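Read the structure below first, then the notes.
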Amino acid sequence: MELIVRPPRTYHVSHDTVLELEEAILRDPRVAPATTSAVFAAAATGATRLLRRAGVEAGSLLGGGRRGAAGNQARRDYLAVMMGLDAAPCAPWFIRPARKSVYLFDAWPSSHTAIRRFVEGWGVQYAFVSSSQAAERLAAVCDRCTFIWIPEGVDPARYQQRSYVEKALDVLQLGRKYDAHHALIAPALEKMGKTYFYEREKGTLVFALRDDYVSALARTRISICVPSAITHPERAGDIQTMTVRYLQSMASKCLVLGHAPAEMVELFGYDPVVEIDMTDPVGQIMDLLENFESYVPLIERNFELVVSQHTWARRWERIAAVLFPEVTPFQRAVPPR
């Protein structure tokens, strides 16, 4: 199998999540980076982008709807990790007859029609989707592609864990804010001299550099994580999914305050998140900070479960079981050192 690895045209911190999954996949000796000529890649990419500007799904026109024989390992076999539906980076490979698979982040309801056009137009056989609800709904409206739920994961080795006495940042809210909650806690925390980091302006980053972001998470006591269905229902609709923010916070040994999606409770076997109390949000945070030591067992339990069960390596095992059902799992196939 070949993994399509192409850097984004414009870097965003979300690409680091893509990179973590790609690195986990490429540790499997059965997978290699996809290669092709620079001239062919440029031509296919350019044609796809021109057709997209014209409102045309390029897959069918460029021959991308052709598939390779199912299960025929002699045919081409491609996989792409996609944050968004830009087909252009995949086009140089997806226009060929092959078995094509994708891992999709952020499959919100507003994009379901576009996802269906994409998988049908490009002949995608397997679409691994990070949301359980999205996978179910897409499977109900598209029978030409197999949709499978594979939750987001994390690579704990890329994050830091500091001792609890070193955690000097009281509260951190990365990315989109839960505005109703934020409006109540921000002035009170500032007045009481508590450190609270959050997005100051819409669309700006709390920490521009990844190293600063990782360091801040490790020094944070409380990380606020709320599903997009609550913070941005116009985009997410009623879909609540476990995003990488929860896992990054737990891998950094933060206490997570917010709301756990049902699929997350299912995955963990318990509720790993302290539910926000909107009746007294300031009092709740002050109580959590004053009694932080009593929550250390929950933090440690979450950390241990993330490390053992919710890594990208584990997620790849589940994907590989679908793509390579007839061979030995790669973690056993690697010779002992």
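The values are calculated or read from the model by the stated rules, or taken from the named source; none is laboratory data. Quick caveat, the model's predicted, so the values are computed rather than measured. With ideal geometry, Cβ positions are generated from the backbone for all residues, glycine too; neighbour counts draw on all protein chains shown.
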Looking for something on the phi < 0 side of the Ramachandran plot and in contact (Cβ under 8 Å) with a residue 60 or more places away in the chain - is there at least one such residue anywhere in the stretch 135-144?
no
Residue in the stretch 159-180 that is outside the structural domain of Met250 (by TED's automatic domain parsing), among the small types (Gly, Ala, Ser) and farther than 26 Å from Asp16 by Cβ present
no
For Leu138: the one exception among (1) loosely packed, with under 15 Cβ neighbours inside 10 Å; (2) within 19 Å of the chain's Cα centre (by Cα)
(1)
Among the numbered criteria (1) touching a residue at least 60 places away in the same chain (Cβ under 8 Å); (2) of a type outside the set (A, V, I, L, M, F, W, C); (3) not assigned by TED's automatic domain parsing to the domain that holds Met286, which one does Gln125 miss?
(1)
Among residues of the stretch 108-131 being hydrophobic (A, V, I, L, M, F, W, C) and under 19 Å from Ile150 (Cβ atoms), the residue surrounded by the fewest Cβ atoms within 10 Å (Cβ to Cβ) is Trp108
Quick check on Ser249: is it within 18 Å of the chain's Cα centre (by Cα), among the polar types (S, T, N, Q) and buried (at least 16 other Cβ atoms within 10 Å of the Cβ)?
yes
What's the total number of residues in the stretch 145-157 that are within 25 Å of His259 (Cα to Cα) and either at pLDDT below 95 or part of a strand (DSSP E or B) (or both)?
3
Quick check on the stretch 109-128. Is at least one of its residues in a loop (DSSP other than H, G, I, E, B), hydroxyl-bearing (Ser, Thr, Tyr) and either at negative phi or touching an Asp or Glu at 6+ places or on another chain (Cβ under 6 Å) (or both)?
no
Go through (1) in the same structural domain as Ala260 (by TED's automatic domain parsing); (2) in contact (Cβ under 8 Å) with a residue 24 or more places away in the chain for Ile148 and report which single condition fails.
(1)
Determine whether the stretch 32-46 contains at least one residue that is at pLDDT below 75, under 23 Å from the mean Cα position of the chain (by Cα) and not in a loop (DSSP other than H, G, I, E, B).
no
Could you tell me whether any residue of the stretch 256-265 is free of Cβ contacts under 8 Å to residues at least 24 places away in the same chain, among the small types (Gly, Ala, Ser) and surrounded by fewer than 18 Cβ atoms within 10 Å (Cβ to Cβ)?
yes
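Yes/no matrix, rows are residues, columns are (1) surrounded by 18 or more Cβ atoms within 10 Å (Cβ to Cβ); (2) part of a helix (DSSP H, G or I):
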{"site": "Gln133", "(1), (2)": "yes, yes"}
{"site": "Asp143", "(1), (2)": "no, no"}
{"site": "Leu184", "(1), (2)": "no, yes"}
{"site": "Pro187", "(1), (2)": "no, yes"}
So, in the stretch 240-261, how many residues would count as being in a helix (DSSP H, G or I) and either hydroxyl-bearing (Ser, Thr, Tyr) or not assigned by TED's automatic domain parsing to the domain that holds Tyr164 (or both)?
2
Quickly run through the stretch 171-195 and pick out the residues that are closer than 17 Å to Ser252 by Cβ and either under 23 Å from the mean Cα position of the chain (by Cα) or not polar (S, T, N, Q) (or both).
Val171, Leu172, Gln173, Leu174, Gly175
